[in-house]
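Chemist: Would you mind keeping the following structure in view while I ask a few things?
All of the numbers you see were taken from the coordinates with simple rules; none came from a lab. Quick caveat, the model's predicted, so the values are computed rather than measured. Because the Cβ atoms are built from the backbone with ideal geometry, glycine has one as well, and the counts that use them run over all protein chains shown.
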Amino acid sequence: MKTTILKSALLLAAGLALGPAQALEITLPAETAVYQESSLPGYQLAMAHCLMCHSAQYVQTQPHTSPRSYWEATVKKMKKPFGAPFPEADIEPIVDYLSKTYGAEGTAGK
Ligand code: HEC
């Protein structure tokens, strides 16, 4: 009886000692935080201006049927009232890139 208890205690101690040392395997999901690469000038602008507050996931999760007017309203909203500091001149190329990459004019995710 005494030996059994001692054995259990030893096994428990061994288990506790091994526990935290065991390798933890983590499989990360596919990269979704950045913008889809493109030769359109708006791609570089989106990478520069649209990742400082949130990842590209907000853009990726919008309906792919969204028209240009939706993207324009959204980008303008990021500037005002949300306060994104990109110049007015960058709005048009960013909207063009988003419409063709994530919106009704593109094929991404379709
Ligand atoms: C100043 C910080 C800031 C910057 C820079 C910014 N956003 Fe946002 N964005 C926000 C906030 C705040 C929300 C709203 C989050 C919420 O509702 O939880 C948001 C939400 C969104 C959404 C979700 C839909 C919606 O209307 O709420 C999209 C799409 C989006 N942003 C795209 C962009 C794009 C494209 C850019 C670059 C042109 C950009 N954001 C840059 C702050 C920012």
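Chemist: Return the ratio Rg/(2.2 N^0.38 Å) for the stretch 41-102, where Rg is computed over Cα atoms only. Write down the numbers at each step before the final one.
Modeler: Details: Rg = 10.4 Å, N = 62, 2.2 N^0.38 = 10.6 Å.
Rounded to two decimals, the normalised Rg is 0.99.
Chemist: I'd like the Karplus ³J(HN,Hα) series for the stretch 61-69: coefficients 6.51, -1.76, 1.60, θ = phi - 60°, whole numbers in Hz, and an x wherever there's a Gly or Pro.
Modeler: Each residue's phi maps through the Karplus curve to give 8, 6, x, 6, 9, 4, x, 3, 4 Hz.
Chemist: Set the Förster radius R0 to 35 Å, insert the Cβ-Cβ distance between residue 82 and residue 23 as r into 1/(1 + (r/R0)^6), and round the FRET efficiency to 0.05.
Modeler: E between residue 82 and residue 23, to the nearest 0.05, is 0.25.
Chemist: Assuming 0.36 nm per residue, please report the length gained on full extension of the stretch residue 37 to residue 61 beyond their Cα-Cα distance.
Modeler: Details: separation 24, 0.36 × 24 = 8.64 nm, distance 1.69 nm.
Taking 0.36 nm per residue and subtracting the Cα distance, the gain is 7.0 nm.
Chemist: Any idea how far apart residue 47 and residue 105 come out in nm if each label point goes 7 Å out from Cα toward Cβ?
Modeler: If labels sit at residue 47 and residue 105, their model points lie 2.1 nm apart.
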